[in-house]
Amino acid sequence: MKTIQPISIWYNGTTDNATIFNLTCINDNLFDSATFYYELKDSAFITIASGNLTMIEPDYTTDWTTNNSAYLWAATQLNLDITGNYNPA
């Protein structure tokens, strides 16, 4: 998980700030595409936005060399600014 620059998201009738970004690979064909499930969480660790992203060629072979590179790719797709690693208190 990563911390992100706070972004305001409409959630259950109010605006909340997402500050945590979680990314999980849910499918990888080990050839040319992978699907990721992402979650944007608030400071109470409540998921306030989520969805799927699919990485295909050429990004699959050039942008997914490490888990960190997958996070950077996904953050770019979602227009997020990663500020660091999430460390629970």
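Under a Cβ-Cβ cut-off of 12 Å, what is the net charge of the residues other than residue 73 that fall near it, where Lys and Arg count +1 and Asp and Glu count -1?
Within the 12 Å Cβ shell, the charges total -2.
Under unit Cβ charges (Lys, Arg +1; Asp, Glu -1), what dipole magnitude, rounded to 20 debye, does the chain have relative to its Cα centre?
Roughly 280 debye for the chain.
For q values of 0.14, 0.15 Å⁻¹, compute log₁₀ I(q)/I(0) with the Debye formula on a Cα-only model of the chain, without solvent.
-0.49, -0.55
Positive end of the dipole of the stretch 1-78, charges at C-beta (+1 Lys, Arg; -1 Asp, Glu), about the Cα centre: which of 9, 31, 74 has its Cα farthest in that direction?
Toward the positive end, the furthest listed residue is 9.
Given a Förster distance of 22 Å, report the FRET efficiency between residue 32 and residue 67 from their Cβ-Cβ distance, rounded to the nearest 0.05.
Rounded to the nearest 0.05, the efficiency is 0.70.
Helix 67-78 versus the longest principal axis of the chain: what is the Cα-based angle in degrees, 0 to 90, to the nearest 10?
Compared with the principal axis, the helix lies near 60 degrees.
Cut-off 13 Å, label point 7 angstrom out along Cα-to-Cβ of residue 53: give me the residues of the stretch 21-36 whose amide nitrogen falls inside.
21-26, 34-36
What residues from the stretch 56-71 fall in the zone where the backbone N is under 17 Å from a label point 7 Å along the Cα-to-C-beta line of residue 22?
Residues 71 qualify, since their backbone N sits under 17 Å from the label point.
Every number here is computed from the coordinates shown, using simple stated rules; none is lab data. Model, not experiment: these values are computed from the prediction. All Cβ positions, glycine included, derive from the backbone under ideal geometry; neighbour counts span all protein chains shown.
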